[in-house]
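The values are calculated or read from the model by the stated rules, or taken from the named source; none is laboratory data. Model, not experiment: these values are computed from the prediction. No Cβ is skipped: glycine too gets one built from the backbone with ideal geometry, and neighbour counts run over all protein chains shown.
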Protein chains: 2
Amino acid sequence: MVDISKSHWTVSDWHEEIENRFASLERGEPFINLNEDDHREFDAIFLGGGAAGRFGASYLRAMGGRPLIIDQWPFLGGSCPHHACVPHHVFSDVAAQLLLERTFSGKLWFQDMKDKQISIMEIIEMFRQGRTGPHAFMNYQSKEQLDLEFVLNDQGTILDSKTVSAAGQIYRARNLVLATGSRPKEFTFDGHDLSGVFEHVSLVDTLDYEPGSTAVVVGGGKTAIEYACFFNATGRRTIVVSRDKPLSMIPDHETRSYLMTQMLEQGMEFISDSELLAVVGDRQGRVKSVRIRSSSGEASIETDFVFLGLGQRPNSEHATTVLGVKADAKGFIEVDSRMHTSVSNVYAVGDVVGFPMEMFKARKGGMYAARNIMGEEAHYHIGEYPDFMHTHYEVCWLGMGEEEARSRYPEVVVLKLPPDNPDGHQIALPAGDRMMLYAMMKPNLSGFQKLVIDGASRRIVGAFHVGSGAKDGFQYLAPMVSRGLTVDELGEMDELFLNPSYFIQLCRLRAGSKVLRGM
Amino acid sequence: MVDISKSHWTVSDWHEEIENRFASLERGEPFINLNEDDHREFDAIFLGGGAAGRFGASYLRAMGGRPLIIDQWPFLGGSCPHHACVPHHVFSDVAAQLLLERTFSGKLWFQDMKDKQISIMEIIEMFRQGRTGPHAFMNYQSKEQLDLEFVLNDQGTILDSKTVSAAGQIYRARNLVLATGSRPKEFTFDGHDLSGVFEHVSLVDTLDYEPGSTAVVVGGGKTAIEYACFFNATGRRTIVVSRDKPLSMIPDHETRSYLMTQMLEQGMEFISDSELLAVVGDRQGRVKSVRIRSSSGEASIETDFVFLGLGQRPNSEHATTVLGVKADAKGFIEVDSRMHTSVSNVYAVGDVVGFPMEMFKARKGGMYAARNIMGEEAHYHIGEYPDFMHTHYEVCWLGMGEEEARSRYPEVVVLKLPPDNPDGHQIALPAGDRMMLYAMMKPNLSGFQKLVIDGASRRIVGAFHVGSGAKDGFQYLAPMVSRGLTVDELGEMDELFLNPSYFIQLCRLRAGSKVLRGM
């Protein structure tokens, strides 16, 4: 046990200590940071210091309460910087960069990328080294700036609804907040345990060879597609095997279609309406092929590299067993709008309570749990939210797609770029930062965007963007759209041209008309 | 004269026609698109079909009026896609890409960039070829989607406040809208006319040799810095000579300081408090050096490449001479909040009316002129607006910097990343799309951001972002900030993590406290 309550470690100090913990298999001593001058009972123990637990504890602390975080990892921040959002963004950035380099291979100053296969191992190794930076910063920020108390690097054991043991001590609090997150679903198909079968956690933690020239990705959801685009960008044949049509989470046909066209142009292969039957291994226990069943029968694909993007399951077993908190059939803990479970004084937040498994929901859930624990009656209703994913591009959306809008409203108006025209997508607009070379030299790759409008009320009901740099905007646009943002109000805003989303100026071009027209 | 009123040219058709016009020195016949079935008098002639004229005409058309655009170029859209915003974004994208490639030269899959000088000629040639794409699209959109009538590829001559001749015809309208834009200031220092002295217009139009290893940039404003970063990124010694401190348009000391540090790390040289005395040429009339005067005396710098970023002057002479419209000492036409000049039924919009010379002001000015012409009383007050520029990064800001805020409010709270800490900027956060490899391998380059808050009212009063992808967000954030957006409201929004601006989550970490604290 390392008591750090009297130390002021810098980010560099934390960096070194966390690296040391990971260097040994046993992970060493826990870090304990308790304020011995605070004699109050803890208001809450947050079991898990990921997005939900850390933000919940921070909010509770800011309100004047006393939270304690207990986390199995030697760092705060949870799976996001270690296995999830951060590596995903690293790999998606690599995909975007390699799309650019491959598209302009041998032109201008770009190196020749023909037949060049990029090392996945090296990129993952780079991430493994690099992720300690964010870890170290989270610990620094949590201790020095947010005044959080914590026990890190040891799994807490729930004794009862107010008591948790960790690092050889027993901690009591008025409340318990379960923030234990989720993990990739386990599978039991033949060959699931062969070396060469990964999901996003095991990929970054255990990959120890350079994958060959073919990657098989199983699944059609966000994670599957994001990783598939990354593997494709490295120069590997990439085959996506999925039951459903890929990209079905994007609620607009035309946006999906633009993305599919681009992925196919990059050589990606999609076998949908299909399922993985088995992974077949060689004598050394390494993957040598997969067997799949699709509408055209059974087939075998040679590969030494299989990635499963098949969803998450909650880390709820310990809590449901010890405390008897109610969970649904999949194990997700049930909570009310105050984030309270079926057991008195026990709250749950983050992935362990189910979908959407997004950062804002985890962090805001933690905040709402904190407010209720501190005596406020505060209800969290997730409501409408913006969403995004990566292919080789950033893809953002909010609200409804054109199809749903047309089923709901008699007059739907669509403003989009490129518009319908005889040259299709061979148009240099839209284009914004990171898309300019495409606009100049390969315009069909420079992006796609679309606003869906209820013509009668003139309100924006959906927005879609493929390209780069629109994610921040969608965050701020979403609450305005929820409150009824109109074409006229959008057309009055001040665009920063070349803006990634051309929504403001497209609205302005049409807003003069009492009867809105699409374009 | 090519009458295209009965034709439906595709974007490709326009592309070919515009290229043909530029292929010959004389620029060929004008394009005429008039609707002979519309027998109404024109409501307005827009002299100039750039951002201001084209958007004004579109709005007027959408309102049911009849506008006519007359423009000297064979395309609509004006200087932005030809000389200004579009090439600037292309070059800034190149700078961002080269910063990445140079930073990771020889690592992962990156090519070795050591001592590699990139051709400026090739990049400019690429832009010259590529810009016809946006031009063609503008013409397509204006004719086929916006139903605009126009005379292109011929300079209009104002005869009186209601009459303009162009392409051998005389056109009359109820009103005239001057949208003639601006051009780089002319200079008369010794050597200003030598071959090798450029501003942003002549650079893209006339550069015909590969600049040597040293670029001298004169000026400290947006254009000067943006082009200087581009020249630097190509691998040239780049010296910025300016009277004022560079980046003074960014109203926050710490943000400027982060940017200066990064530019200096890239080897850029700044000689401020200095002025250009003369450019010295060789016998062939080509630049061989510049003479400058700075606080340390006079000096000479050898170079064959000088870029002037010294501001714009209005194209107002024709209108002031013929119509007698009032202009200020610099020639900018004076307008009231209805965009009306001193002469009845004559309006003016865009760069020709002065600062800020931004797209939103041009386009919205056009829109307000249109509304007034169509009988509405509509006043355009520019008010607070978000702003941006490029270095090797995208830089966005709105509101006031920390210094001004502290002079106005007794309790100013700052939320920033990286925060003040013993490791300085060697922190992997913030990081978002396009910044991930920096975050992992070179964290001091992954960006900087800052929110400035009035602690008493909890309102956001300033926001600053260095990195990538925040431009869209600043557009939408700005009107919310103007309406009094608080830390609490921002903390309730749904971030799309890893979002470029971490404003939402930083606010949430502190919002629980009645007395806000910085971090």
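Evaluating A:Ser7 against the criteria (1) touching a helix residue (DSSP H, G or I) at 6+ places or on another chain (Cβ under 9 Å); (2) touching a residue at least 40 places away in the same chain (Cβ under 8 Å); (3) within 14 Å of chain B (Cβ to nearest Cβ); (4) part of a loop (DSSP other than H, G, I, E, B) leaves one unmet condition, (2). The set of residues in the stretch B:330-351 that are of a type in the set (Val, Ile, Thr) and either outside any strand (DSSP E or B) or under 21 Å from the mean Cα position of the chain (by Cα) (or both) comprises B:Ile333, B:Val335, B:Thr341, B:Val343, B:Val349. Restricting attention to the stretch A:479-498, the residues being surrounded by fewer than 24 Cβ atoms within 10 Å (Cβ to Cβ), touching a residue at least 40 places away in the same chain (Cβ under 8 Å) and either under 16 Å from B:Phe474 (Cβ atoms) or touching a Lys or Arg at 6+ places or on another chain (Cβ under 9 Å) (or both) number 1.
Exactly one condition in (1) within 7 Å of chain B (Cβ to nearest Cβ); (2) touching a strand residue (DSSP E or B) at 6+ places or on another chain (Cβ under 8 Å) is false for A:Cys507; which is it? The one condition A:Cys507 does not meet is (1). Take the stretch B:63-75 and flag every residue that is among the hydrophobic types (A, V, I, L, M, F, W, C) and more than 12 Å from every other protein chain (Cβ to nearest Cβ). Those that are among the hydrophobic types (A, V, I, L, M, F, W, C) and more than 12 Å from every other protein chain (Cβ to nearest Cβ): B:Leu68, B:Ile69, B:Ile70, B:Trp73, B:Phe75.
For the stretch A:422-449, a tally of residues being at the interface with chain B (Cβ under 10 Å from one of its Cβ atoms), among the aliphatic types (A, V, I, L, M) and either outside any loop (DSSP other than H, G, I, E, B) or touching an Asp or Glu at 6+ places or on another chain (Cβ under 9 Å) (or both) returns 6.
Considering the stretch B:447-470 alone, what residues qualify as being within 24 Å of the chain's Cα centre (by Cα) and not aliphatic (A, V, I, L, M)? Within the stretch B:447-470, B:Gly447, B:Phe448, B:Gln449, B:Lys450, B:Gly462, B:Phe464, B:His465, B:Gly467, B:Ser468, B:Gly469 qualify. Answer with yes or no whether A:Glu394 is of a type in the set (D, E, K, R), closer than 30 Å to A:Arg510 by Cα, crowded, with 19+ Cβ neighbours inside 10 Å and touching a residue at least 12 places away in the same chain (Cβ under 8 Å). Judged against the criteria, A:Glu394 is a match. Selection of the stretch B:315-327 for residues being in contact (Cβ under 8 Å) with a residue 24 or more places away in the chain, more than 23 Å from the chain's Cα centre (by Cα) and not in a helix (DSSP H, G or I) yields only B:Val325. Here B:Leu60, B:Leu98 are screened, and the one residue that is within 11 Å of another protein chain (Cβ to nearest Cβ), surrounded by 21 or more Cβ atoms within 10 Å (Cβ to Cβ) and either modelled with pLDDT under 95 or over 24 Å from B:Met357 (Cα atoms) (or both) is B:Leu98. A single entry from B:Pro410, B:Pro419 fulfils the requirement of being within 12 Å of chain A (Cβ to nearest Cβ) and either surrounded by fewer than 24 Cβ atoms within 10 Å (Cβ to Cβ) or at pLDDT 95 or above (or both): B:Pro419. With respect to being within 14 Å of chain B (Cβ to nearest Cβ) and without any contact (Cβ under 8 Å) to a residue 40 or more places away in the chain, A:Glu26 falls outside the description. Would you be able to say whether some residue in the stretch B:353-375 is out of contact with any Phe, Trp or Tyr (no Cβ under 8 Å at 6 or more places or on another chain), surrounded by fewer than 24 Cβ atoms within 10 Å (Cβ to Cβ), within 16 Å of B:Ala173 (Cα to Cα) and aliphatic (A, V, I, L, M)? The answer is yes, given that some residue of the stretch B:353-375 is out of contact with any Phe, Trp or Tyr (no Cβ under 8 Å at 6 or more places or on another chain), surrounded by fewer than 24 Cβ atoms within 10 Å (Cβ to Cβ), within 16 Å of B:Ala173 (Cα to Cα) and aliphatic (A, V, I, L, M). Each residue in the stretch A:257-279 was checked for being on the phi > 0 side of the Ramachandran plot and buried (at least 16 other Cβ atoms within 10 Å of the Cβ), and 0 of them qualify. Count of the stretch A:101-118 residues, restricted to those that are β-branched (Val, Ile, Thr) and either free of Cβ contacts under 8 Å to residues at least 12 places away in the same chain or facing another protein chain (nearest Cβ under 7 Å) (or both), is 1.
Assess whether B:Glu384 counts as being out of contact with any Phe, Trp or Tyr (no Cβ under 6 Å at 6 or more places or on another chain), of a type in the set (D, E, K, R), under 27 Å from B:Lys222 (Cα atoms) and crowded, with 18+ Cβ neighbours inside 10 Å. Criteria not met by B:Glu384.
Among the criteria (1) over 30 Å from B:Met121 (Cα atoms); (2) touching a residue at least 24 places away in the same chain (Cβ under 8 Å), the one B:Gly49 does not fulfil is (1).
Every residue, every condition in (1) of a type in the set (Asp, Glu); (2) crowded, with 16+ Cβ neighbours inside 10 Å; (3) assigned to a strand (DSSP E or B), yes or no:
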position: A:Leu203; (1), (2), (3): no, yes, no
position: A:Val217; (1), (2), (3): no, yes, yes
position: A:Thr223; (1), (2), (3): no, yes, no
position: A:Glu226; (1), (2), (3): yes, yes, no
position: A:Asn232; (1), (2), (3): no, yes, no
position: A:Leu247; (1), (2), (3): no, yes, no
position: A:Ile250; (1), (2), (3): no, yes, no
position: A:Thr255; (1), (2), (3): no, yes, no
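If you go through the stretch A:359-395 and keep only what is among the acidic types (Asp, Glu) and within 8 Å of another protein chain (Cβ to nearest Cβ), you end up with A:Asp387, A:Glu394.
When residues in the stretch A:344-378 are screened for being out of contact with any Leu (no Cβ under 9 Å at 6 or more places or on another chain), more than 20 Å from B:Phe497 (Cβ to Cβ) and of a type in the set (A, V, I, L, M, F, W, C), 1 of them pass. The combined condition, being of a type in the set (A, V, I, L, M), part of a helix (DSSP H, G or I) and without any contact (Cβ under 8 Å) to a residue 40 or more places away in the chain, is not fulfilled by B:Met121. Taken over the stretch B:129-177, the criterion of being within 12 Å of chain A (Cβ to nearest Cβ), part of a loop (DSSP other than H, G, I, E, B) and among the aliphatic types (A, V, I, L, M) is satisfied by B:Leu146, B:Leu148. Scanning the stretch B:450-479 for residues that are within 12 Å of another protein chain (Cβ to nearest Cβ), farther than 20 Å from A:Arg434 by Cα and in contact with a strand residue (DSSP E or B) (Cβ under 8 Å, 6 or more places away or on another chain) yields B:Ile460, B:Ala463, B:Leu477, B:Ala478. Residues in the stretch B:285-314 that are in a strand (DSSP E or B) and of a type in the set (A, V, I, L, M) were compared, and the one that is farthest from B:His88 (Cα to Cα) is B:Ala299. For the stretch B:121-150, a residue qualifies if it is touching a helix residue (DSSP H, G or I) at 6+ places or on another chain (Cβ under 7 Å), closer than 17 Å to B:His15 by Cβ and charged (D, E, K, R), and the qualifying residues are B:Arg128, B:Arg131.
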